[in-house]
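K.L.:
Below is a structure I'd like to ask you about.
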Amino acid sequence: MEKAKLSYLKERFYKSKRMNILLRTIFFISIIVTFTIYIKFDNLKSKNGNLLKGLNYNRLSLRSLLSQEKMKKILVIGSIGYDVTTYYDKMPVIGETIVGRKFAQNPGGKGDNQAVAAARSGADITFMGAIGDDNYGEILTKNLENNNVKHSLKVVPNMSCQVATILVDKEGRNSIIIVPGANNYVDKKQIDDNEKLIDENDIILLQLEIPIETVEYAIDMAYKKKKIIILNPAPGQPLSDNILKKVDFLTPNESELSLITGMPTSNMEEIKLASKKIIDLGAKNLIVTLGEKGSLLCNKEGEKLFPAFPTVAVDTAGAGDCFAGVFVTYLSKGYSIDEAIKYANLASSISVTKIGTIPSLPTQKEIEEKKKGIKDW
């Protein structure tokens, strides 16, 4: 009897010991998991604490919070071309010849610029557009590939690539003349032929250097497929109510906002009134890029100004494209709208300190290094 009792007690002891070990193991695993989630949460959360509301783009989804590597894929549908840039001190009058300070040639086009800006800042990016069968076409294709941008390019026979003549004054301000070339041949059929690309990507980014009817057709298709749609309405022109109601983000500068609304935008009060008109027409989110004044976010919840980061500009060409590309990148990573705008402002402040458009677009490492030096982020 005593032997059986002793055996029973030993068995209870070992069971209890095994249970304690199991409970301790579960406890330590729970601590590790909790700590890991906390670190990811702390790295990704926005300063205003707007988190975990999934479908509202002002918030982070739980999926992006816990698994940033599963970021959304981006498709850029737009223009690609070649930039010919002249730097000068004084704009010549009619009939006058002046001597410029510098001359540069680089790949460009708003779609190309934005795709490269997104790729360099860490996006999973694909570009759809058209090139001519001239010498520039090969250069532009290689530039996309060298910057890790996947692409679907239509080659238009007997047609040149887009060429932009960019004039930059001594203050870094620019004026641009564009000859669209092959970009005029990005048509509805090309969108239909590449419908699978729209299916495979989560965010669609467009501009207005391709035909407006193609832009609207692509927006309609993306809207039906419940994609996030971002339109950078440059060059500025009036937009249909259909476009305004279906895009999730519209990102004009002041002059483009004026062209869209037909309203003056010479000061902040006028910009806010014009912005309100866009929101009243059905746009979900409007982000007006204001150069050295920063960016203004407007939606039905109100408006918020994001100041620019101080810098000394030497060339502002491409700053808007840099903003658009970096904004969509950080949005795709799961950051809030506020955080994505701040990163886009920061990247733009880096780009204007360099000469050229594509050469000035910062990498993710440059952006993060610059952020480290900002005390009040």
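K.L.:
Just one of (1) under 27 Å from LEU167 (Cβ atoms); (2) in a helix (DSSP H, G or I) trips up PRO310, so point out which.
P.N.:
(2)
K.L.:
Would you mind telling me which numbered condition in (1) surrounded by 17 or more Cβ atoms within 10 Å (Cβ to Cβ); (2) touching a Ser or Thr at 6+ places or on another chain (Cβ under 8 Å) ALA234 fails?
P.N.:
(2)
K.L.:
If you check SER332, SER336, which single one turns out to be buried (at least 16 other Cβ atoms within 10 Å of the Cβ), modelled with pLDDT of 95 or more, of a type in the set (S, T, N, Q) and touching a Leu at 6+ places or on another chain (Cβ under 7 Å)?
P.N.:
The unique qualifying residue is SER336.
K.L.:
Let me ask something else about it. For the range 201-220, what are the residues that are under 9 Å from LEU75 (Cα atoms) and surrounded by fewer than 22 Cβ atoms within 10 Å (Cβ to Cβ)?
P.N.:
Listed by number, the list holds a single entry, ASP202.
K.L.:
If ASP376 meets every condition in (1) free of Cβ contacts under 8 Å to residues at least 12 places away in the same chain; (2) in a helix (DSSP H, G or I) apart from one, which number is that one?
P.N.:
(2)
K.L.:
Can you tell me which of ASP248, ASP241 is closer than 20 Å to ILE219 by Cα, surrounded by fewer than 22 Cβ atoms within 10 Å (Cβ to Cβ), charged (D, E, K, R) and under 19 Å from the mean Cα position of the chain (by Cα)?
P.N.:
After applying the criteria, what remains is ASP248.
K.L.:
For the range 252-286, give me each residue that is assigned to a loop (DSSP other than H, G, I, E, B), within 24 Å of ASN174 (Cα to Cα) and in contact with a strand residue (DSSP E or B) (Cβ under 7 Å, 6 or more places away or on another chain). Lay out the reasoning, then the answer.
P.N.:
Filtering the range 252-286 down to residues assigned to a loop (DSSP other than H, G, I, E, B) leaves 252, 262-267, 281-284.
Narrowing further to those that are within 24 Å of ASN174 (Cα to Cα): 252, 262-267.
Matches in the range 252-286: PRO252 only.
K.L.:
Report, by residue number, each residue of the range 126-157 that is crowded, with 18+ Cβ neighbours inside 10 Å and either among the basic types (Lys, Arg) or out of contact with any Ser or Thr (no Cβ under 8 Å at 6 or more places or on another chain) (or both).
P.N.:
ALA130, GLY137, LEU140, ASN143, LEU144, ASN147, VAL156
K.L.:
Additional query: So, in the range 197-213, exactly how many residues are of a type in the set (S, T, N, Q) and free of Cβ contacts under 8 Å to residues at least 40 places away in the same chain?
P.N.:
0
K.L.:
Continuing with this model, one more query. Contact list please: Cβ distance under 8 Å, first residue in the range 309-328 and at negative phi, second residue among the acidic types (Asp, Glu) and surrounded by 24 or more Cβ atoms within 10 Å (Cβ to Cβ), pairs at least six apart or on different chains.
P.N.:
So the pair list comes out as ALA317/ASP83.
K.L.:
Turning to a different aspect of this structure: Over 19 Å from the mean Cα position of the chain (by Cα), within 26 Å of THR353 (Cβ to Cβ) and of a type outside the set (Val, Ile, Thr): which single residue out of SER175, SER160 fits that description?
P.N.:
Among SER175, SER160, only SER175 is over 19 Å from the mean Cα position of the chain (by Cα), within 26 Å of THR353 (Cβ to Cβ) and of a type outside the set (Val, Ile, Thr).
K.L.:
Could you check the range 310-328 and list, in sequence order, the residues that are at pLDDT below 95 and either among the β-branched types (Val, Ile, Thr) or more than 20 Å from LEU231 (Cα to Cα) (or both)?
P.N.:
PRO310, THR311, VAL312, ALA313, VAL314, ASP315, THR316
K.L.:
Looking at the range 348-365, which of its residues are hydroxyl-bearing (Ser, Thr, Tyr) and either touching a Gly at 6+ places or on another chain (Cβ under 8 Å) or part of a helix (DSSP H, G or I) (or both)?
P.N.:
Residues satisfying the conditions are SER348, SER349, SER351, THR357, SER360.
The values are calculated or read from the model by the stated rules, or taken from the named source; none is laboratory data. Every value quoted in this text rests on a predicted model; they were computed, and no experiment measured them. Cβ: placed from backbone, ideal geometry, glycine included. Neighbour counts: every protein chain shown.
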